[in-house]
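Comments concern the structure below.
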């Protein structure tokens with residue numbers, strides 16, 4: 001840039017516009033929703049809190065998968081490995097070692113972070129699609145290890161009995177605050193990341209990793225960091241989910257269902273956008289309530305929808321919407337505007 | 001002696017895995033695609049075979065004769081309807097498409113055949129064994145190994161010697177250059193997938209004969225095939241075969257140590273190979 005000589009007064013005065021009206025409305029609504037989630041004990045029943053907690057976990061896990069697949073180009077089908085690992089860490093810390101469970105939720109995040117580093121160093125050697133199945137193998141290794149590990153009571157699983165020391169209201173307050181915090185970290189954190197200079201690098205990488213590297217983006221390092229961040233985010237969702245469940249077994253902790261959920265939500269909602277994750281999560285959450293009773297048929301439809309989206313509408317619902325109306329909820333673009341007009 | 005027995009059983013088990021791994025190696029080598037519904041197709045074919053056998057009272061060999069052409073047809077349809085639309089340098093579309101297909105197939109099978117485990121009646125062949133030097137070897141696993149060796153040899157020879165094999169190798173080296181020399185990549189891809197799924201027709205019959213199958217078993221078969229390909233080294237048919245042997249032996253020895261450790265032992269060997277020799281035991285190191 002600096003190599004091009006120019007006369008100073010020829011540069012037009014412009015402002016960088018980074019927020020839009022739709023963005024401001026959406027941001028207000030998002031903040032209100034976050035406050036609503038945090039204040040759930042004062043307006044919602046315990047059953048509603050449980051439902052919203054599950055929805056929050058869907059959103060968090062889907063957004064973490066979106067960061068990986070939509071921006072870093074790493075298609076993982078084994079993120080449930082980190083959910084289960086953090087869940088188990090929480091149970092061991094709180095139940096076996098007597099750490100306050102609400103402190104243990106945060107301490108348990110060290111486990112997925114510590115595991116993600118060597119796992120990524122191993123798996124990044126696998127080419128494209130083989131990486132995906134590699135992540136699945138890792139999740140299986142975790143499940144089988146948990147089934148054989150006496151520390152976590154092997155295949156029989158563990159119960160979080162220490163939670164009975166707290167009243168139902170106290171637990172609801174903690175769950176609501178944790179949910180709001182999880183949304184803030186996963187969604188808010190992603191939004192902040194995408195608006196920062198790393199966001200530019202990530203979007204460049206999404207569009208073309210080779211071109212991004214030639215522009216000075218450290219693709220290798222960024223991928224690694226996204227993988228670890230996504231593991232921690234999934235770990236947080238896992239710790240909160242299993243704290244609410246009060247029980248963990250190898251089968252539930254490392255349940256591939258979560259990979260299905262994340263892939264369905266992100267692909268149907270719209271990959272590479274936060275809006276898509278929100279749309280997809282709501283669709284999945286409602287579909288699960290309404291059609292979950294149909295069991296296998298419901299999953300056949302879900303699978304076929306995923307297949308059809310991959311074949312015919314790769315940008316998902318949000319992609320179709322944003323092609324028609326230019327009103328992003330979470331604008332990440334930088335737009336130059338002339339202040340004199 | 002006990003460990004030698006485990007080794008022999010492992011090699012025999014490897015014969016089964018080789019039948020899954022060949023198709024995966026072929027498809028990845030040609031199209032850089034991994035079909036996540038690979039294992040589910042084996043189970044689907046097995047269940048169809050079992051239904052044929054019970055409906056018409058067929059023995060294993062007639063089932064095989066019916067099932068392999070059906071598998072070839074399924075592979076061809078899979079390529080035409082799904083994979084041709086997602087083949088490309090970006091791995092995401094093909095992964096998501098076959099992932100969705102896998103979920104749909106698993107649950108469709110659950111509806112048609114219920115969650116029960118079934119197996120193919122072998123009319124006595126599954127319980128026969130021969131004694132060699134104090135070790136009893138099941139006749140069926142021996143046949144499985146022989147068929148796997150034959151399939152590997154046949155596929156290797158097809159790739160090296162025939163016109164179709166040359167077209168496949170050309171398309172896998174550089175699709176555009178191959179297209180310029182008059183090869184139609186779509187047709188080559190369709191034949192490759194048809195061959196890969198056709199091999200799964202053999203795997204389906206043998207899997208249903210030697211153990212049981214249930215609709216949820218597919219993902220495990222996918223993972224074994226994948227591990228065998230990576231352990232052996234990508235790009236070679238005999239590598240996939242050898243990787244299957246290593247995986248089979250690892251699991252058999254693991255099962256002897258502790259029944260809960262067998263499958264995990266296979267995974268661990270896979271991870272160790274990935275850590276120490278990422279190009280696989282028989283693959284060429286990248287410069």
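Some values worked out for this structure:
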quantity: Length-normalised contact order of the stretch A:75-194 in % [C-alpha pairs under 8 Å, at least 6 apart]; calculated: 31
quantity: Helix-only [θ]222 nm of the protein assembly as shown, DSSP H runs n ≥ 4, -39500 (n - 2.57) each, per residue, nearest 500; calculated: -22500 deg cm²/dmol
quantity: Residue among A:174, A:229, A:72 with the largest mean-square fluctuation in a Gaussian network model of chain A, springs linking Cα atoms under 10 Å; calculated: A:174
quantity: Length added when fully stretched, residue A:121-residue A:22, from 0.36 nm per residue minus Cα-Cα; calculated: 31.5 nm
quantity: Global form of the stretch A:18-84, assessed from the alpha-carbon gyration tensor, a/c cut-off 1.5; calculated: oblate
quantity: Residue with peak Gaussian network fluctuation, chain B [Cα springs, cutoff 10 Å], from B:137, B:199, B:43; calculated: B:137
quantity: Among B:110, B:26, B:155, residue whose mean-square fluctuation peaks in a GNM of chain B (springs only between Cα atoms under 10 Å); calculated: B:110
quantity: Relative contact order, percent, the stretch A:21-255 [alpha-carbon distance under 8 Å, six or more residues apart]; calculated: 40
quantity: Cα gyration tensor shape for the stretch A:213-341, rounded if a/c is under 1.5, else prolate or oblate; calculated: oblate
quantity: Counting all C-alpha pairs of the stretch A:21-255, share separated by more than 21 Å (%); calculated: 58
quantity: Whether the stretch B:113-181 is rounded, prolate or oblate, judged on the alpha carbon gyration tensor where a/c under 1.5 counts as rounded; calculated: oblate
quantity: Centre separation in Å (Cα based) which lies between the stretch A:114-131 and the stretch B:243-287; calculated: 17
quantity: Separation between Cα centres of the stretch B:104-155 and the stretch A:223-247, rounded to whole Å; calculated: 40
quantity: Relative contact order (percent, whole number), chain B, Cα cutoff 8 Å, 6+ residue spacing; calculated: 36
quantity: Shielding by partners, peptide A:301-313 (average Cβ within 10 angstrom, other chains); calculated: 6
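Bear in mind these aren't lab numbers, they're just calculated from the coordinates by the rules spelled out. This one's a predicted model, so the numbers in the text were calculated from it and none came from an experiment. In this analysis, Cβ positions are derived from the backbone assuming ideal geometry, glycine residues included, and neighbour counts consider all displayed protein chains.
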